[in-house]
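The values are calculated or read from the model by the stated rules, or taken from the named source; none is laboratory data. Just so it is clear, the structure is predicted and the values come from calculations on it, not from any experiment. Every residue, glycine among them, receives a Cβ derived from its backbone with ideal geometry; neighbour counts consider all protein chains shown.
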Amino acid sequence: MYLKDQDYFYNIVLLAKVNSKISPFEMMGFLKGIEYGMGRKRVEKKYGPRIIDIDLLYYGKMFMESDFLTIPHPAIEKRKFVLFPLSEIAPGFTVKGENIENFIEKSNFTEKVDFVKSW
C-alpha cells in the first residue's frame with residue numbers, strides 16, 4: 001500500500017480547538033495550503049514521495065464521508081505514525097471507543113517513527 005523506498009517526511013499530529021464556523025472542507029484546504037507552502041508537490045502516485053503530510057483525522061464529534069474527506073479518518077488505529085504521537089499529546093484519547101494505548105499495545109507495527117518536537 002505505502003511506498004517503502006522514499007525519503008523521510010513529516011507526518012504532523014496536531015490537536016486543536018477550532019472555530020465551529022469553519023467547515024471540515026475549509027480546514028482541509030487550510031492544511032493542504034500549509035503542505036504546499038512547505039514545498040509539497042502533489043503527484044499522481046498515491047502515498048508517493050513528499051516533504052510533509054497533514055491529514056484531518058477528527059473534527060470535533062463530527063462523522064462524515066465524502067469522496068474527498070472521511071471523518072473520523074478510517075485507518076487511524078492501523079497507523080503507528082498517528083497513534084504514537086497522538087498518545088503523547090493526548091494520552092487517553094479514544095479511537096472508535098477504545099483507548100489509543102490499547103491499539104498500540106496489541107499492534108504489530110514495524111515501521112520506524114521518530115518524534116520531532118520542534119521543526
Query raised in the report: Mind checking which residues of region 81-99 are of a type outside the set (S, T, N, Q) and under 15 Å from residue 14 (Cα atoms)?
Result: 81, 82, 83, 84, 85, 86, 88, 89, 90, 91, 93
Query raised in the report: Counting only residues that are assigned to a strand (DSSP E or B) and free of Cβ contacts under 8 Å to residues at least 12 places away in the same chain, which one in region 59-105 is farthest from residue 24 (Cα to Cα)?
Result: 99
Requested in this report: Collect the residues in region 97-119 that are surrounded by fewer than 10 Cβ atoms within 10 Å (Cβ to Cβ) and within 21 Å of residue 59 (Cβ to Cβ), keeping them in residue-number order.
Outcome: 97
Query raised in the report: Are any of the residues in region 24-42 within 16 Å of residue 113 (Cβ to Cβ), of a type outside the set (Ser, Thr, Tyr), at pLDDT 80 or above and part of a loop (DSSP other than H, G, I, E, B)?
Result: no
Query raised in the report: Do we find that residue 108 is over 13 Å from residue 12 (Cα atoms), at pLDDT 85 or above, of a type in the set (S, T, N, Q) and out of contact with any Phe, Trp or Tyr (no Cβ under 7 Å at 6 or more places or on another chain) in this structure?
Result: no
Requested in this report: Pull up region 67-93, narrow it to residues that are touching a helix residue (DSSP H, G or I) at 6+ places or on another chain (Cβ under 8 Å) and exposed (fewer than 12 other Cβ atoms within 10 Å of the Cβ), then point me to the one that is nearest to residue 114 (Cα to Cα).
Outcome: 91
